[in-house]
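Take a look at the structure set out below.
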Amino acid sequence: MREITYREALKEALIEEMKRDERVFLLGEDIADPFGSAYKVTLGLSSIFGTDRVIQTPISEQGFTGAAVGAALTGMRPVVEFMYIDFTTMAMEQLVNQAAKIRYMSGGQAKVPVVFRTQGGPGRSSAAQHAQSIEALFHHIPGLLVAMPSSAYDAKGLLKTAIRLDDPVIFIEQKLLYNTKGEVPEEEYTIPFGVADVKRNGTDCTVVATSMTVLKALKAADILAEEGISIEVVDPRTLFPLDIETIVESVKKTSRLLITHEAPERGGFAAEVAAQVANLAFDYLDAPIQRVCAPSVPIPFARNMEDYIMIDESKIADRVRKLIRGDI
Amino acid sequence: MDRKNQEELPSDLTKEQLLAMYRKMQLIRGFEGTAKKYFEAGEIGGFLHLSVGQEAVPVGTCSALRKDDYITSTHRGHGDVLSKGCEVKRMFAELYGRTDGYCKGKGGSMHIADFSQGIIGANGIVSSGIPIAVGAALSIRMRGTDQVAVSFFGDGATAEGSFHEALNLASLWQVPVIFVCQNNLYALSQPWSHSARDGNLVERAQSYHIPAESVDGMDVIAVYRSVEKAVDRARSGDGPTFIEARTYRFMGHYVGDPGAYMPEEEQEEWRKKDAIAKLRRQLKMWGYLTDKVDEQIATDIEAELQDGIEYARSSVIPEPREALNDVYVHFDYLGRPLKEESNHA
Ligand SMILES: Cc1ncc(C[n+]2csc(CCOP(=O)(O)OP(=O)(O)O)c2C)c(N)n1
Ligand SMILES: [Mg+2]
């Protein structure tokens, strides 16, 4: 099968959906050519679809988020880009009080078919305001769906679904994933929300990972395999809706669970998974549930400090070894 | 403004003041050129937004300020903080992520702060420093001092709600804040005409009943005079001022952006207006600067920059665990009370 980058996969999804449905349009800062957006996902799209459908906005996050909600309420299907997930905070009101709630408050009359694409994560010395992982804020809000693709294949299939769904979606990419390559079929496909993907089968420990940490968990799996330890890597792909069944099935098989994400540990997505598994599979667990997440601190600038708080394969592998040894 | 006026020997500025401005502009340009070199060599990480071309705005502004006045700055803040008093060597140390940097290596280029001289923060979030400056001005009034607060921000920031809310509050409260918009005609790739239908910022500020003017941001003396008036007004309790300084960045948005959206002719035209070249010409005309002194200034600055790089390189690399400190005053990052501090609570 052909291999393309995560970035190209996202771009293909946008192009296909814009061709398929003329109500789909893009909205965001610096997304038109020649700049084509900060991470170049939309590069070329204004040349194909024109600036009426690839609408470049001033630096007005609250304004364009509200405008997207308004357009969605009245028959359009906007795909908004926030250059950095850190800047979604400028538009929190529209996201949390409007996009997430209008359907409910209107007694089910309204639909808010907007996709809010953005990217997060550390790894480039971008410091405290350009490298956060704040998916938990959105995951916490009833009314929002949250997707975090870790591969080119998932990125394309999930984005196409996100655009077709009638609910607001926070679609979180990762800055270090854009250049990663993966197999993506030429033929059209979509990936449903709420279906996890077992990225690697294993028997000794279940590792639930999201976004960038899926890649780290797969590396850890290679390292551990050489030591005779077999881990199962489960990528939920969408944090909400969450495919807890797949995770529970895996835990029933391995009897151990470790959850990893780049976001700070306190109040993170891992806590939700841990609570649900503790509830649904308590009797199957041989050891306490583990989290390998960033310490709850802002992202430091200096490379060595940033490395220190980032999740890598050795942090995951070390914790798995301890779990297996009963050393926790 | 007529040319004759501009070229006249200024009676309000001494030779020393003018030479200090000239030197500072050169220092900023040299600092950024050096930072770019070591960024491209891989010694400096993160983002590097250069203000090359815009030096006259912060230098003119800060020449009218006192050490205890406040500034807030932006992602493109090297010139602003150097003008307010930051030292080259500690700036480099920060860019290198070292313990002697202004923020111990935790902030980097976009987040330089030095509270000891009123630099209450550069900022990675466009427009967010503007209301913070209004708050500093409110605090000045509440504490009854005669300080002023200046907020530097770009043209792009004027499209944010924060900008409008900050102007409205400042006007309502009549606090001693000076809004200095460095209009370099671009917000990342977007020309000014894409940020606002009518590019008249003076009228916009006036609609909030804030005295406002637009100055030539390529003329350090013009910027100084405009800010000087605003400072007088602020110190005497007459409230906020808005100043638009029209300027240009001679480079892309950040190092690595080729600036494909900036027309060549436009770049050429603005390079001809270079504020450093202009002041050099004036200083020579007024008999304040000889070629020899000019060369000496360049040599001194080169030495200061080289020393600064050496200082940064030899500064201690922070312990990785330092990442966990400075989150709270009273507690560590896990919520455990910190002994010395919690006693004061
Ligand atoms: C709230 C927010 N939105 C977007 C960005 C990304 N961004 C960084 S600088 C910039 C352009 C800023 O333009 P302007 O205010 O004119 O300042 P300049 O870069 O020209 O100095 C953008 C869009 C950001 N940092 N913060
Ligand atoms: Mg600008």
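The values are calculated or read from the model by the stated rules, or taken from the named source; none is laboratory data. Note that the coordinates shown come from a computational prediction; the quantities given were computed from them, not determined experimentally. FYI the Cβ positions are ideal-geometry reconstructions off the backbone, even for glycines, and counts take in every protein chain you see. Note: accessible area is taken over every heavy atom of the protein model, side chains too, but ligands, DNA and RNA are not part of it. Shrake-Rupley method; radii C 1.70, N 1.55, O 1.52, S 1.80 Å.
Here is a list: A:Glu245, A:Glu272, A:Glu262. Which entry is modelled with pLDDT of 95 or more, among the acidic types (Asp, Glu) and open to solvent by less than 40 Å² (accessible area, probe 1.4 Å)?
A:Glu262
Taking the residues in segment B:119-139 that are over 30 Å from A:Phe64 (Cα atoms) and in contact (Cβ under 8 Å) with a residue 40 or more places away in the chain as candidates, determine which candidate is nearest to ligand 1 (Cβ to nearest atom).
Of everything passing the filter in segment B:119-139, B:Ile119 is nearest to ligand 1 (Cβ to nearest atom).
Conditions tested, residue by residue: (1) over 25 Å from A:Ser125 (Cβ atoms); (2) in the same structural domain as A:Pro236 (by TED's automatic domain parsing); (3) in a helix (DSSP H, G or I); (4) not small (Gly, Ala, Ser).
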| residue | (1), (2), (3), (4) |
| --- | --- |
| A:Leu280 | yes, yes, yes, yes |
| A:Ala287 | yes, yes, no, no |
| A:Cys293 | no, yes, no, yes |
| A:Val297 | no, yes, no, yes |
| A:Phe301 | no, yes, no, yes |
| A:Asn304 | no, yes, yes, yes |
| A:Ile316 | no, yes, yes, yes |
| A:Arg319 | yes, yes, yes, yes |
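Collect the residues in segment B:209-229 that are open to solvent by less than 50 Å² (accessible area, probe 1.4 Å) and outside any strand (DSSP E or B), keeping them in residue-number order.
B:Ile210, B:Gly217, B:Met218, B:Asp219, B:Val220, B:Ile221, B:Ala222, B:Val223, B:Tyr224, B:Ser226, B:Val227
Has segment A:97-112 got at least one residue that is of a type outside the set (A, V, I, L, M), under 18 Å from A:Leu26 (Cβ atoms), more than 16 Å from ligand 1 (Cβ to nearest atom) and open to solvent by 20 Å² or more (accessible area, probe 1.4 Å)?
no
I'd like the full set of residues that are open to solvent by less than 40 Å² (accessible area, probe 1.4 Å) and farther than 22 Å from B:Leu82 by Cα, limited to segment B:284-311.
Residues satisfying the conditions are B:Trp286, B:Leu289.
Could you please find all residues in segment B:155-178 being assigned to a loop (DSSP other than H, G, I, E, B), open to solvent by less than 20 Å² (accessible area, probe 1.4 Å) and away from ligand 1 (no atom under 16 Å from the Cβ)?
B:Val175, B:Pro176
Check whether at least one residue in segment A:121-129 is within 14 Å of chain B (Cβ to nearest Cβ), of a type in the set (A, V, I, L, M) and either part of a loop (DSSP other than H, G, I, E, B) or surrounded by 23 or more Cβ atoms within 10 Å (Cβ to Cβ) (or both), and report yes or no.
Yes, there is a match, as at least one residue in segment A:121-129 is within 14 Å of chain B (Cβ to nearest Cβ), of a type in the set (A, V, I, L, M) and either part of a loop (DSSP other than H, G, I, E, B) or surrounded by 23 or more Cβ atoms within 10 Å (Cβ to Cβ) (or both).
Do you know which residues across segment A:170-218 are out of contact with any strand residue (DSSP E or B) (no Cβ under 8 Å at 6 or more places or on another chain), closer than 30 Å to A:Arg124 by Cα and open to solvent by 10 Å² or more (accessible area, probe 1.4 Å)?
Of everything in segment A:170-218, those that are out of contact with any strand residue (DSSP E or B) (no Cβ under 8 Å at 6 or more places or on another chain), closer than 30 Å to A:Arg124 by Cα and open to solvent by 10 Å² or more (accessible area, probe 1.4 Å) turn out to be A:Leu176, A:Leu215.
Can you pull out every residue in segment A:39-71 that is touching a strand residue (DSSP E or B) at 6+ places or on another chain (Cβ under 6 Å), away from ligand 1 (no atom under 16 Å from the Cβ) and part of a helix (DSSP H, G or I)?
A:Leu45, A:Ser46, A:Ala71
Say we look at segment B:235-260 and pick out the residues that are open to solvent by 60 Å² or more (accessible area, probe 1.4 Å) and hydrophobic (A, V, I, L, M, F, W, C); which of these is farthest from ligand 1 (Cβ to nearest atom)?
Ranking the candidates gives B:Ala260 first.
Considering only segment A:133-153, I want to know if a residue exists there that is within 12 Å of chain B (Cβ to nearest Cβ), over 20 Å from A:Ala13 (Cβ atoms) and either away from ligand 1 (no atom under 16 Å from the Cβ) or crowded, with 21+ Cβ neighbours inside 10 Å (or both).
Looking through segment A:133-153, none of the residues is within 12 Å of chain B (Cβ to nearest Cβ), over 20 Å from A:Ala13 (Cβ atoms) and either away from ligand 1 (no atom under 16 Å from the Cβ) or crowded, with 21+ Cβ neighbours inside 10 Å (or both).
Of the numbered conditions (1) more than 16 Å from ligand 2 (Cβ to nearest atom); (2) surrounded by 21 or more Cβ atoms within 10 Å (Cβ to Cβ); (3) within 14 Å of chain A (Cβ to nearest Cβ), B:Tyr22 fails exactly one; give the number of that condition.
(3) is the only condition that B:Tyr22 fails.
Please find, among B:Gly287, B:Gly308, the residue that is more than 14 Å from chain A (Cβ to nearest Cβ), under 23 Å from B:Glu16 (Cα atoms) and more than 16 Å from ligand 2 (Cβ to nearest atom).
B:Gly287
Do you know which of the residues in segment B:181-192 that are at the interface with chain A (Cβ under 10 Å from one of its Cβ atoms) and part of a loop (DSSP other than H, G, I, E, B) is nearest to ligand 2 (Cβ to nearest atom)?
Selected residue: B:Leu188.
Restricting to segment B:73-96, count the residues that are under 16 Å from the mean Cα position of the chain (by Cα) and more than 14 Å from every other protein chain (Cβ to nearest Cβ).
11
Within segment A:251-295, count every residue that is in contact with a strand residue (DSSP E or B) (Cβ under 9 Å, 6 or more places away or on another chain) and under 25 Å from A:Ile172 (Cα atoms).
Residues flagged as in contact with a strand residue (DSSP E or B) (Cβ under 9 Å, 6 or more places away or on another chain) and under 25 Å from A:Ile172 (Cα atoms) within segment A:251-295 amount to 24.
What pairs come out if I take residues in segment B:193-218 that are within 14 Å of chain A (Cβ to nearest Cβ) and pair them with residues that are open to solvent by 20 Å² or more (accessible area, probe 1.4 Å) and among the polar types (S, T, N, Q) whose C-beta lies under 8 Å away, six or more apart or interchain?
B:His194/A:Gln56; B:Gly199/B:Ser193; B:Leu201/B:Ser214
Let's see how each residue does on (1) farther than 15 Å from A:Arg117 by Cβ; (2) within 16 Å of ligand 2 (Cβ to nearest atom); (3) within 14 Å of another protein chain (Cβ to nearest Cβ); (4) modelled with pLDDT of 95 or more:
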{"position": "A:Asp52", "(1), (2), (3), (4)": "yes, no, no, yes"}
{"position": "A:Ala67", "(1), (2), (3), (4)": "yes, no, yes, yes"}
{"position": "A:Phe82", "(1), (2), (3), (4)": "no, no, yes, yes"}
{"position": "A:Glu93", "(1), (2), (3), (4)": "yes, no, yes, yes"}
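Checking B:Ser116 against (1) in a helix (DSSP H, G or I); (2) within 16 Å of the chain's Cα centre (by Cα): exactly one of these is not met. Which one?
All conditions pass for B:Ser116, except number (2).
Considering each residue of segment A:269-314, count those that are within 14 Å of chain B (Cβ to nearest Cβ) and either free of Cβ contacts under 8 Å to residues at least 40 places away in the same chain or touching a His at 6+ places or on another chain (Cβ under 9 Å) (or both), and give that number.
Selection size over segment A:269-314: 13.
For every residue, the table says whether it meets (1) open to solvent by less than 30 Å² (accessible area, probe 1.4 Å); (2) within 12 Å of chain A (Cβ to nearest Cβ).
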| position | (1), (2) |
| --- | --- |
| B:Arg98 | no, yes |
| B:Gly108 | yes, yes |
| B:Ile112 | yes, yes |
| B:Ile120 | no, no |
| B:Asn123 | yes, yes |
| B:Val126 | no, yes |
| B:Val134 | yes, no |
| B:Arg141 | no, no |
| B:Thr145 | no, no |
